[in-house]
Amino acid sequence: MEQLAEKYLRQLAIERGLSSNTLAAYRRDLSNYLEYLKKISKTDPKAVASSDILSFQANLQRLGKANSSIARILASVRGFHKFLLEYGHTESNPASLVKSPKLGMRLPKAISIADVEQLLNAAGSLEPESGELIQLRDRAVLELLYSCGARVSEVVDLDVDDFGDSGLLRLRGKGNKERVVPIGSYAENAVSSYLRRVRPGLLSKPTPALFLNQRGGRLSRQSIWQIISKAGEHAKLEVSPHTLRHSFATHLLEGGADIRVVQELLGHSSVSTTQIYTLITIDSLKRAYMEAHPRSRG
């Protein structure tokens, strides 16, 4: 079963172009599933029944897994059994009738424009003292995340050549799809200052990477999360790696941007994914109405 799982993961990598992080999540999910099948003595894929998968799902619930995590794990399991059927390793798909738990709609959490400015300032000054130049890198990272709504992984993957002097940035999103997005003058100036004043001092060997760590290597996702977390602590704000992306989308829609434009900027394949942000702006409108209109309450 483990060898078949590896074949499935290789197929995902080649045919769907999934990122290394997504593949790692699939691998963890399938490893947990196969470990459970071993415990119940189901090592032959042809012997696995729907009741076994339902039992696995119940076990995840007993372990206290969130419904969102269970739904993701079951999606991995369904994909694996579909692969086994398509390539002749089984005669049926026992996972086809197993439904994921219902998920409540979770609205992305955005912060106000004032809070964004507070967060950016907490990362460091645009004119730091000579001994604090690394703050200029951190500020450039956050300015960029908010300016174009990029995912953390997309900022990690940026090369110097992706940043031009025309106010445009080339991003590589999910499935390695490229998109070109505009960036504002604040982000452009912050990144330009980083390139001029900080990156040369960090560079220890030739690398195309835009953002470098203090050892001269490409800045990692974990490092950017730490930059965001540290700035959030200083600003006394509750933030996550996606906070600036969510705020970017919400503020654009509140400012009157067309949802199709926001979809393109975020790199969403479907506008339905972007529409969740309209619920946030409608909620803001409702609150403003209830607070301001003299006859909003009886």
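Laboratory data are not the source of any read-out in this text; all were calculated from the coordinates shown. What you see is a predicted model, and the numbers here were worked out from it, not measured in a lab. Ideal geometry is used to build each Cβ from the backbone, glycine not excepted, and the neighbour counts take in all protein chains shown.
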>> Please go through segment 229-251 and give me each residue that is farther than 13 Å from R151 by Cα and of a type outside the set (D, E), ordered by number.
In response: S229, K230, A231, G232, H234, A235, K236, L237, V239, T250, H251
>> Please go through segment 204-222 and give me each residue that is in a helix (DSSP H, G or I) and surrounded by 13 or more Cβ atoms within 10 Å (Cβ to Cβ), ordered by number.
In response: R221
